1. Return the label of the correct value of Cα extents along the principal axes in Å, as calculated from the structure shown, out of (1) 119, 89, 55; (2) 69, 65, 51; (3) 81, 76, 43.
2. So, how do all the Cα-to-Cα distances of segment 332-431 break down into 10 Å bins, in percent, from 0 on up?
3. Quick check: net charge around TYR406, other residues with Cβ under 14 Å of its Cβ, Lys/Arg +1 and Asp/Glu -1?
4. What residues qualify as long-range amide H neighbours of ALA350, i.e. H under 5 Å apart, gap of 5 or more or another chain, H built at 1.01 Å from N?
5. If the limit is 26 Å between Cα atoms, which of LYS409/LYS480; LYS586/LYS653; LYS630/LYS653; LYS329/LYS415; LYS34/LYS57 go over it?
6. What ³J(HN,Hα) values, in whole Hz, does the Karplus curve 6.51 cos²θ - 1.76 cosθ + 1.60 give for segment 503-516 when θ = phi - 60°, with x put for Gly and Pro?
7. From the backbone phi of segment 227-232, what are the Karplus-calculated ³J(HN,Hα) couplings (6.51 cos²θ - 1.76 cosθ + 1.60, θ = phi - 60°) in whole Hz, Gly and Pro given as x?
8. May I ask you to derive the relative contact order of the chain, considering only C-alpha pairs under 8 Å and at least 6 residues apart, and to give it as an integer percent?
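What follows is calculated from the coordinates using simple rules that are stated; it is not laboratory data. Remember, it's a predicted structure, so these values are computed and weren't measured experimentally. Using ideal geometry, Cβ is built from the backbone for each residue, glycine included, and neighbour counts are taken over all protein chains shown.
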Amino acid sequence: MKETALCIVSEDKITGYTILCAENASKSEVFATKELQKYLALTTGVKFSVESQAAGKFISVGNTEAFLALGVQLTEQALNGDGFIVKVIGENVYLAAATNRGIIYAVYHFLEKYCGIRFLDVNEEYVPKLERLCVKVDNEVNVPSFKYRTHLSESTMHTPECRGNTYSFKTPIPVFYAQSRLTHEFIYFNKGKDIGKTDEFFKLVETVGGGIPMDVSINPTHNNLTYVSPEKYFVTDADKEKNAHMFYIQKDKVVDIAYADGIAEDGNIETGINAASVYLESLKAQILSNPDAVYFNCGQQDLKEFDDSRGMKYGATYMVLRFYNAIAKEIKKWAEKTIPNRKVRIVIFAYLFSKEAPPIVDESVVLSDNVVLRFADLTSNTNHPLTSEYSYRPEAFKDLVYGPDYFEKWKPFIKNCAEIWYWGYATNHSFYYFYQPVIQKVKPLLIELKDLGVTYAMLQNNATEYHDWKAIMENYVFSKMLWDITLDPYEVRAEFIRLYYGIVADEVSEIVNGFDKVVEELDEECEHLYYGRIYSFYPNDRIEADPITKQYDSEFKMAKHCEKSLILLDGMQKKVESAELCGKEKAKLLERIDMLRLTPYYILAFYRDYLYGEEKFQTTYFKDGKEAFKECAERFFAICERLGVYEQGEAKKPEWHKKLLKVEE
């Protein structure tokens with residue numbers, strides 16, 4: 001990349017530059033221009049004028065006359081959607097892209113790379129005060145590793161006031177998503193229901209480039225029973241007798257559709273009232289009622305196991321793919337006749353069924369070219385990438401069936417797919433405040449997804465509770481890694497800690513790195529099965545437990561590090577309280593210290609039956625070892641109440657955890 005030395009603002013606070021924005025600029029270009037003007041003023045103290053015509057040196061934003069005169073042709077295909085260019089000719093800078101999002105991303109990239117600005121959280125940014133802005137600017141083409149990118153985290157979606165299933169949105173959220181270069185899948189979901197999703201909010205969403213063109217007028221993931229509704233077909237006793245064949249029923253309750261119902265031996269849809277024919281007609285109506293959407297999700301209901309014997313000759317995955325593929329083929333034929341100029345993609349959210357490829361290949365399960373298959377590694381080994389040798393351990397966990405040839409087994413089925421998507425998991429959904437190890441896995445995982453040809457990568461974190469220090473930190477790491485898989489996640493994390501925690505950053509690094517070290521050691525000792533996302537805190541029972549503690553950390557490494565962390569956190573609090581900081585800055589850091597305390601308190605309280613009592617573990621932090629776990633739990637819930645923590649796990653309110661931790665019997 002060719003570098004050009006430019007002095008944009010001199011030491012005496014003089015600039016010879018203007019910002020160019022076209023007279024007929026789009027709303028996104030105007031927004032990007034204002035953001036560039038705003039942050040240049042914040043960091044240099046100089047307000048740049050905005051002009052539509054070039055007169056002297058300039059920074060051009062978007063499709064200005066000056067840029068169009070260059071004759072540079074930019075396409076979404078070449079830039080993988082939202083990529084952008086930074087071009088220097090003479091002393092002039094051009095920031096341009098093929099999409100509205102890309103133009104905004106180009107501006108934020110320029111501010112980050114050349115001004116040192118960082119967007120850390122929806123409520124926190126780092127803007128250094130520069131004496132001058134004299135830099136070497138690269139000519140570059142900046143292309144994202146994935147066309148679409150999402151980190152599904154409460155810290156990026158909702159305000160701290162979020163409560164229950166109705167979320168409170170606020171204006172900066174779409175802007176922070178743009179600053180993080182993320183493409184929000186669910187931004188339009190629950191329109192008119194969630195607090196703050198006003199017309200003003202959605203105008204801003206459109207201004208910053210909108211979301212993924214996906215239908216979210218219904219549940220965008222687990223929605224089979226929206227298309228084949230029990231409320232319509234399974235109400236009266238007569239309905240239940242007549243239509244039971246359409247549904248998968250457990251304990252007299254409809255939990256999903258019957259995937260074999262209505263699919264003939266040749267893989268086509270049978271006539272009459274059946275699950276497939278009803279699904280097809282409902283999906284057609286959904287497509288027609290949402291003319292701006294491209295992607296329509298067809299997804300398994302949210303259940304853990306599926307043991308419907310009907311159509312299970314070649315297993316559940318074969319049956320599910322066969323069903324959705326039949327639907328997709330019919331939708332393709334229908335769309336070509338009915339809406340010939342419209343692109344429609346059927347997204348199969350295979351969920352648990354994507355953990356294993358079907359045992360045989362035939363035309364009924366070679367997915368149609370209007371299908372998007374979305375892998376979801378719900379039962380993977382959270383310490384290791386999907387293709388790691390440690391991700392295939394069925395002798396330990398029956399669902400741990402990924403491993404080195406995982407994607408190879410899938411290739412015959414997805415060779416004709418329109419796209420491949422991925423939905424991964426970066427938290428323990430039942431226990432948010434455990435230390436769930438992810439950072440060591442994120443880079444190799446994203447590399448293997450990129451090699452497979454994945455166009456949309458999502459990592460789901462804690463998506464229901466804002467006050468999660470790890471999810472906030474990981475949003476910074478994951479958003480940058482999703483854009484550029486060549487980055488070092490540990491370096492990105494270190495940068496976040498340094499800027500977000502300020503004077504106590506060294507102590508935070510010691511705590512976080514210590515957790516990583518303990519997890520690595522325990523994972524090694526437990527044959528690389530120490531953590532599993534759905535297996536909570538323990539490895540499997542095949543490995544012989546320590547005879548005294550009845551668990552797998554016989555040297556109490558995790559407990560010792562938790563107590564060390566609490567000692568460090570107490571010291572951090574004193575350091576902040578005695579520091580010469582403004583009241584607002586002190587309060588902010590003290591709240592972040594409290595948030596950090598949640599993890600060691602929760603882990604120690606959860607270990608209650610193994611650590612304390614009978615002098616198994618010699619505490620160095622608590623006065624009374626026998627009562628320590630109760631004290632941990634009480635302090636944990638006191639902090640939760642002080643911060644306003646609503647959920648300690650997905651759909652797990654404080655009462656559930658209080659019972660679990662024996663605070664409330």
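1. Label (3) holds the value from this structure.
2. Over segment 332-431, the share of Cα pairs per 10 Å bin runs 14, 41, 28, 12, 5, 0 percent.
3. Surrounding charge for TYR406 is -4.
4. Here ARG374 satisfy the definition.
5. LYS409/LYS480; LYS586/LYS653
6. Using θ = phi - 60°, the values come out as 5, 10, 4, 4, 5, 4, 4, 4, 5, 5, 5, x, 4, 4 Hz.
7. For segment 227-232, the Karplus-derived couplings read 6, 10, 8, x, 5, 9 Hz, x marking Gly and Pro.
8. Details: 1201 pairs, mean separation 70.0, N = 665.
It comes to 11 percent, rounded to a whole number.
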